[in-house]
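Trainee: For reference, the structure I am asking about is given below.
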Amino acid sequence: MNPQPFHGDVIQTLSMVVVITSVIAVEVRRLRFAAVAYSVQALLIVALLLSFAAINPALYWWAATALVTKAILTPYFLFRFIGATGDREIKPLIGFGPSVVVAAALMIAFYRLTHSQMSILAPTAMAQQEVFRVNLAVASTVFVLGLYCVLTRRDAVKTVIGLCLLENGVHLSLVSLAPELPETALFGVATEVVVTVFLLLYVIAGLRREFGTTDTFKLRELQC
Amino acid sequence: MSDLNATVSSSLPILAFTAPAVAGALVFLGRKLGRLYWQSFAIAGSAAVALVGVLMLPEVVAGRALVSWGEEFRVDGLSALLVLAIGLVGSLTAIYSVRYVAQPGLVSRLGGPAAERRLPVFYGLLLWFIASMAWGCVTNNIIMLYVAVEATTLASGLLVAFYWDRRALEAGYKYLMLLTIGITFALVGCVLIYASAAATGSLAGRQALLISEVRSVAPLIPARTALIAVAFLVIGFGTKAGIAPFHPWLPDAHAEAPTPISVLLSGVMIKMAAYALARTVSIFYPSLPQLTVFLVALGVFTMLLGILAALPQQDLKRLLAYSSVSQIGYVVVGVGLGTYLGCYGGLFHLLNHAFIKALLFMAVGAVIYATGVRRIADLGGLSQRMPLTAACFLVGALAIAGFPPLNGFMSKMTVYLALAQAGLWWAAVAAVLAGVLTMVVMVRAAVAVFWRAAPLDGGEKVVREVPAGMWAPMLGLAAACVVLGVFPQLAYPLLDQAAAVLATVGR
C-alpha cells in the first residue's frame with residue numbers, strides 16, 4: 001500500500017494532461033488538430049498504463065495493445081480519412097464559447113463527483129487509494145466528454161473521435177476496476193474499437209460520396 | 001432447482017460458434033469460386049448451429065449445463081434455447097437467401113457483375129454474424145459477453161449498409177454509431193459487475209469473470225454499485241435489443257438491410273441482446289427485487305411506443321421493424337418480472353417471436369421479390385397471384401397479434417397471467433391493449449397487401465408466386481407457429497430449464 005512504486009506524481013500529471021487532450025479533441029474545429037490531440041492522448045494513456053504496470057505486470061500487455069490499437073492504427077485511419085477531405089469541422093450544435101464552458105463544467109463536476117464518491121463506483125479496497133481514485137475520476141471525465149462530443153457534434157468525423165474518447169474513458173477505468181483481466185479479454189476489447197473505427201470511417205466515406213458532406217444532420221432520407 | 005449446478009464437459013458450446021466462423025472464413029477464402037460454393041457453406045455453417053443446438057438438448061433438458069475450457073463456455077437451458085433459435089432461423093434464412101439474391105436488383109442494386117463480386121462478402125459476413133451471435137450465447141465470461149455482442153454489431157454493420165446507396169449508408173452509419181455507443185455503456189456495466197464481484201473476496205481471481213460464479217456472490221455486492229451497473233447494462237444491451245427509448249436505430253436498420261439480414265436482425269439479433277440483458281441483470285434479482293417493477297415499466301413503455309409508431313407506417317418493412325420493438329417489450333416484461341411464470345412467458349415469446357418475425361419478414365421479402373414494391377398503398381390483391389405467401393403472412397400476422405390457437409397467443413397469455421399473478425394489473429391492461437393494437441396494425445396490413453382490390457395502375461409486370469426455395473422456409477416457419485400454438489407443451493422441457501435459470505421465485 002506504499003504509494004511510492006506507483007510514481008504517484010507522474011500518474012497525477014499524466015492524468016491531468018489526458019483530460020486536457022480530451023477537451024482539445026472535442027473543442028478544436030480543425031479536424032486534423034483534433035486527431036492530433038486524440039493521438040497525443042493515446043500516447044499518454046500508454047504512458048499511464050506503463051506507470052501502473054510497475055505494480056501489475058499484466059498491464060504491460062494492455063499497454064502494448066493500446067499502443068498498437070489506439071496510438072498507431074486509430075490515428076492512421078483518422079488521418080487517412082481527414083487527408084482526403086476538408087479539414088474544417090461542420091459547425092456543431094453549440095457555439096465555441098458556450099461549448100468550452102459546458103465542457104469545462106462537465107469536466108470539473110464529473111471529476112469532483114467521481115473522485116469523492118469512489119466507493120459507489122468501485123467498491124474495492126485498492127480503488128480507495130489516491131492514484132486509483134485519480135485514475136477513475138479521469139476515466140469517467142474522459143467518458144463524459146466523449147459522450148458530450150458524440151451528442152452535440154454534427155460532423156461525422158468528430159463523432160468518431162468522440163466515440164474513441166468514450167472508449168478511452170472506459171479502457172482507462174479497467175486499470176483500477178479490472179487489473180486482473182486476462183489478456184484475451186483485453187485484446188478483444190481493444191481490437192473491437194479499432195475495427196469499429198475502421199468500419200465507421202468506411203461507411204462515412206460512402207456517405208460523403210453519396211451525400212457530398214459529412215454533416216450528420218443532412219442524413220434525412222429515412223425520416224418517416 | 002437443486003441440480004442447476006451440475007455440469008458436463010462437452011465441446012458442443014465451442015462448436016456452436018466455431019462451425020459458422022470457419023465456414024465464413026472459407027467463404028472469404030473462396031471468393032473467386034462460384035455462388036454455389038458460397039451458398040453451400042452458408043447453409044452448412046448455419047445448419048451446423050441448429051444441429052449443435054439440437055444435440056445440446058438431452059443434457060440441458062435433464063438439468064445439466066454443458067461446459068468447456070474450464071467454465072469459460074457454459075450452456076444451460078437458456079443458452080441452448082438461444083442457440084437453437086439462432087441455428088433454426090439462421091439456416092432457414094440461408095436457404096431463403098439462395099433464390100432471393102438471384103433476383104436482379106435485390107441484393108445489389110448495382111446489378112450484373114458488381115453484384116456477383118459482392119456476394120461472397122454477403123455470405124461471409126452473414127456466417128460471421130451468426131457465429132458472433134452464437135458465441136455471445138455460449139460464453140460464460142462477462143467481458144467476452146460484451147465482446148461478442150459488439151462483434152455482432154461489427155459483423156452486421158456492413159450488411160445493413162449493403163446496398164451502399166443513400167438510404168442504406170445512412171442506416172448503416174446510425175446502426176454502427178448508436179450501437180457502439182450503447183454497447184460501451186454495457187462494457188462499463190460488465191466491468192463494474194466483475195470489479196465488485198472480485199471485491200467481495202469470495203471468488204478467486206478469474207472466477208469473478210464467470211457469470212455463473214458471480215450469481216452466487218451477488219447478494220454481497222453493495223446495492224448502490226449494483227444499481228449503477230444495472231443502469232449501464234440496461235442502456236447498453238437495451239440499445240441493442242431495441243428497448244424504447246433507445247430504439248431509433250432499429251426501424252432504419254431493419255428496413256434498409258437486405259431482407260435475409262432483416263430476418264436475422266429482427267428474428268434473432270435483438271433476442272440475443274435481450275438474452276445478454278437478462279443474463280446479466282438477473283444476477284441481481286434476488287438481492288434487488290425492486291428492479292422488477294422498473295423493468296416491467298420499461299417493457300410496457302416499449303411495447304406501447306413500438307406499436308403506436310407502427311400504426312401510421314406505410315413501408316411494410318418499417319412497420320414490421322416497429323412491431324419488433326413492441327414485441328421485445330413483451331419479452332422484457334416477462335423476463336423482467338423475475339417470477340418463474342413471467343420468465344417462462346417472456347422466453348416463450350422470445351422463441352415464438354423469432355419464428356413469427358422471421359416468417360413475416362420473409363413474406364414481405366417475397367412480396368418485394370415478386371413486385372419490387374414495399375409501400376402498402378402501392379400493393380393490393382396479391383392473394384390471387386401469391387396464395388402461399390398470402391397464407392404465410394396471414395398466419396404470421398395472426399400469430400403476432402396473439403390470435404388463438406397460434407403460438408403468439410400462448411406466450412402472450414402466459415405473460416398476461418404472470419402479470420396478473422404478480423398483481424401488476426396496470427401492466428396487464430397495457431399489454432392487452434398493445435396486443436389489440438398489434439392485431440389492428442398487422443391484420444390491416446395483411447388485408448391491404450393481399451386481399452384489397454389492386455391499385456389502378458395496370459400494365460404491371462406479371463406477378464407470380466415466389467420459387468419453392470423461398471416459400472419452403474416460410475411454410476416451415478408457419479408450421480412451427482401453428483404447432484407451437486396447438487402443442488405449447490412441446491417447448492416445455494427446454495423452456496422450463498431456461499426459465500429456472502432466470503427466475504427467483506415461483507417455480
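Where a number appears in this text, it was derived from the coordinates with a stated rule and is not lab data. Everything quoted here is computed from the prediction, not taken from an experiment. FYI the Cβ positions are ideal-geometry reconstructions off the backbone, even for glycines, and counts take in every protein chain you see.
Trainee: Roughly what % of DSSP beta bridges within chain B run antiparallel, to the nearest 5? Display every interim value, and only then the final one.
Mentor: On the way: 6 of 10 bridges.
Taking every DSSP beta bridge with both residues in chain B, the antiparallel ones total about 60 percent.
Trainee: Another question, if that's okay. Using the beta-carbon distance between A:Ser116 and B:Arg385 and R0 = 56 Å, what value does 1/(1 + (r/R0)^6) give for FRET efficiency, to the nearest 0.05? Walk me through the numbers before you get to the answer.
Mentor: Working: r = 70 Å, r/R0 = 1.24.
E between A:Ser116 and B:Arg385, to the nearest 0.05, is 0.20.
Trainee: Explain nothing, just the number: dipole magnitude of the protein assembly as shown about its Cα centre with +1 on each Lys and Arg Cβ and -1 on each Asp and Glu Cβ, in debye rounded to the nearest 20. Spell out each step's value before the answer.
Mentor: Working: 46 positive and 31 negative charges, 313 e Å.
Roughly 1500 debye for the protein assembly as shown.
Trainee: For a quick check: with amide H placed at 1.01 Å from N, whose amide H comes under 5 Å from B:Thr339's, ignoring anything fewer than 5 positions away on the same chain?
Mentor: Under 5 Å from the amide H of B:Thr339 lies no amide H from a residue far enough along the sequence or on another chain.
Trainee: How would you order B:228-235, B:61-68 from highest to lowest mean count of nearby Cβ atoms within 10 Å?
Mentor: Details: B:228-235: 21.2, B:61-68: 19.5.
Highest to lowest by the protection proxy: B:228-235, B:61-68.
Trainee: Tell me, what HN-Hα J-couplings in whole Hz come from the Karplus equation 6.51 cos²θ - 1.76 cosθ + 1.60 at θ = phi - 60° for each residue of region B:18-35, using x for Gly and Pro?
Mentor: Going residue by residue, I get 6, 4, x, 5, 5, 4, x, 4, 5, 5, 5, 5, x, 6, 7, 7, x, 4 Hz, with x marking Gly and Pro.
Trainee: Follow-up question, since we're still on this one. Give the peptides A:19-26, B:219-226 in descending order of average Cβ contacts within 10 Å, highest first.
Mentor: Ranked by mean Cβ neighbours within 10 Å, highest first: A:19-26, B:219-226.
Trainee: Could you point to the residue in A:Pro57, A:Leu78, A:Thr191 farthest towards the positive end of region A:4-212's charge dipole, with +1 and -1 charges on the Cβ of Lys/Arg and Asp/Glu respectively?
Mentor: Ranked along the dipole, the leading option is A:Leu78.
Trainee: Would you mind giving the mean number of other chain beta-carbons within 10 Å of the Cβ of each residue in A:207-218, as a whole number? All intermediate terms of the calculation are to be shown ahead of the outcome.
Mentor: Values: counts 6, 1, 2, 7, 3, 0, 0, 1, 0, 4, 0, 1.
The shielding value for this peptide is 2.
Trainee: May I pose another question? What does the average come to when, for each residue of peptide A:157-168, you count the partner chain Cβ atoms lying within 10 Å of its Cβ?
Mentor: Values: counts 0, 0, 3, 3, 0, 2, 5, 0, 0, 6, 4, 0.
That works out to 2 on average.
Trainee: Follow-up question, since we're still on this one. For region B:289-507, what number results from the quotient of the Cα radius of gyration and 2.2 N^0.38 Å? Walk me through the numbers on the way to the answer.
Mentor: Numbers: Rg = 18.1 Å, N = 219, 2.2 N^0.38 = 17.1 Å.
Ratio of Cα Rg to 2.2 N^0.38 Å: 1.06.
Trainee: Let me ask something additional. When the Karplus curve 6.51 cos²θ - 1.76 cosθ + 1.60 is applied with θ = phi - 60°, which whole-Hz ³J(HN,Hα) does each residue of region A:208-219 get, with x for Gly and Pro?
Mentor: These are the phi-based 3J(HN,Hα) values: 4, 5, 7, 9, x, 7, 10, 6, 5, 6, 7, 7 Hz.
Trainee: Here's a follow-up. Run lengths n ≥ 4 of DSSP H only: what is the helix-derived mean residue ellipticity at 222 nm for chain A, with -39500 (n - 2.57) per run over all residues, to the nearest 500? The partial results should precede the final answer.
Mentor: Working: 9 runs with 161 residues, N = 224.
Roughly -24500 deg cm²/dmol at 222 nm, from the helical runs in chain A.
Trainee: Here's something else I'd like to know. Given H placed 1.01 Å from N in the peptide plane, which residues other than close sequence neighbours of A:Ile90 have an amide H under 5 Å from its amide H?
Mentor: A:Asp155
Trainee: Based on the inverse mean of 1/r over its pairs of different Cα atoms, what is the Kirkwood hydrodynamic radius of the protein assembly as shown, in Å? It would help to have the intermediate numbers written out before the result.
Mentor: Working: mean 1/r = 0.0384 Å⁻¹.
Result for the protein assembly as shown, one decimal place: 26.0 Å.
Trainee: What is the distance in Å between the Cα centroid of region B:193-216 and that of region B:76-100?
Mentor: That distance is 32 Å.
Trainee: Among the GluC sites (Glu not before Pro) in region A:124-197, which ones are in a DSSP loop with at most 15 other Cβ atoms within 10 Å of the Cβ? Mind listing them? Walk me through the numbers before you get to the answer.
Mentor: Working: sites: A:Glu130, A:Glu167, A:Glu180, A:Glu183, A:Glu192; in loops: A:Glu180.
Loop-located and lightly packed - A:Glu180.
Trainee: Magnitude of the Cβ-charge dipole of region B:289-507, K/R +1 and D/E -1, about the Cα centre, nearest 20 debye?
Mentor: On the way: 12 positive and 6 negative charges, 37 e Å.
Computed about the Cα centre, the dipole is about 180 debye.
Trainee: Express the relative contact order of chain B as a whole percentage, based on alpha carbon pairs under 8 Å and six or more residues apart in sequence. Could the numbers behind the result be given before it?
Mentor: Numbers: 966 pairs, mean separation 78.5, N = 507.
After rounding, I find 15 percent.
Trainee: Counting Lys and Arg as +1 and Asp and Glu as -1, each charge on the Cβ, what is the dipole of region B:141-287 about the Cα centre in debye, to the nearest 20? Before the final figure, lay out the partial values.
Mentor: On the way: 9 positive and 6 negative charges, 57 e Å.
Roughly 280 debye for region B:141-287.
Trainee: Suppose we keep just the alpha-carbon trace of region B:141-287; what are its Rg and Dmax in angstrom?
Mentor: Every Cα atom of region B:141-287 included, Rg and Dmax give 16.5, 54 Å.
Trainee: Something else now. Quantify how strongly other chains surround peptide A:194-201 by giving the mean number of their Cβ atoms within 10 Å of each of its Cβ atoms. Walk me through the numbers before you get to the answer.
Mentor: Values: counts 0, 6, 10, 2, 1, 10, 6, 0.
Counting Cβ atoms of other protein chains within 10 Å of each residue's Cβ and averaging gives 4.
Trainee: Taking the Cβ of A:Tyr111 as the center, what net charge do the other residues with Cβ under 15 Å away carry, scoring Lys and Arg +1 and Asp and Glu -1? Before the final figure, lay out the partial values.
Mentor: On the way: positive: A:Arg112, A:Arg133; negative: A:Glu130.
Taking every other residue near A:Tyr111 into account, the sum is +1.
Trainee: In addition: Let me make sure I get this right: for region A:24-68, a, b and c are the square roots of the gyration tensor eigenvalues over alpha carbons, sorted descending. Under 1.5 in a/c it's rounded, otherwise prolate if a/b > b/c, else oblate. Which is it?
Mentor: Values: a/c = 5.22, a/b = 3.01, b/c = 1.74.
The shape class here is prolate.
Trainee: Name the shape class, rounded, prolate or oblate, that the alpha-carbon gyration tensor gives for region A:140-189, where a ≥ b ≥ c are the square roots of its eigenvalues, rounded holds for a/c under 1.5, and otherwise prolate holds if a/b is larger than b/c and oblate otherwise.
Mentor: On the way: a/c = 5.48, a/b = 2.11, b/c = 2.60.
In terms of gyration-tensor shape, oblate.
Trainee: Translational diffusion coefficient, Stokes-Einstein: compute it for chain A using the Kirkwood radius over C-alpha pairs as Rh, at 20 °C and 1.002 mPa s, and state it as an integer in µm² s⁻¹.
Mentor: Values: Rh = 17.9 Å.
D, rounded to a whole number, is 119 µm²/s.
Trainee: I would also like to ask the following. Quick one: which residues, 5 or more positions from B:Thr7 or on another chain, have an amide H under 5 Å from its amide H? H modelled 1.01 Å from N in the peptide plane, none for Pro or chain starts.
Mentor: Excluding prolines and chain starts, which carry no amide H, the hits are B:Ala65.
Trainee: Please work out the Cα convex hull volume for chain B and give it in Å³ per residue.
Mentor: Working: hull volume 62.3 nm³, N = 507.
Roughly 123 Å³ of hull volume per residue.
Trainee: Between rounded, prolate and oblate, where does region B:1-140 land on the alpha carbon gyration tensor, with a ≥ b ≥ c its root eigenvalues, rounded for a/c under 1.5, else prolate if a/b exceeds b/c? Each step should come with its number before you reach the end.
Mentor: On the way: a/c = 3.45, a/b = 2.59, b/c = 1.33.
Note, shape of region B:1-140 comes out prolate.
Trainee: How would you rank B:335-347, B:406-418, highest first, on the average number of other Cβ atoms within 10 Å across their residues? Working shown, then result.
Mentor: Details: B:335-347: 27.8, B:406-418: 24.4.
Highest-to-lowest ranking by the protection proxy: B:335-347, B:406-418.
Trainee: OK, next. Under 8 Å for C-alpha pairs, at least 6 residues apart: give me the relative contact order for chain A, rounded to a whole percent.
Mentor: Working: 283 pairs, mean separation 53.3, N = 224.
Relative contact order of chain A: 24 percent.
Trainee: For region A:15-24, in order, what is each residue's ³J(HN,Hα) by Karplus, 6.51 cos²θ - 1.76 cosθ + 1.60 with θ = phi - 60°, in whole Hz (x at glycine and Pro)?
Mentor: 4, 4, 5, 4, 5, 5, 4, 4, 4, 4
Trainee: Continuing with the same structure: With just the Cα atoms of region B:159-231, tell me how far they stretch along each of the three principal axes, in Å, largest first.
Mentor: Here the Cα extents, ordered largest to smallest, are 54, 23, 14 Å.
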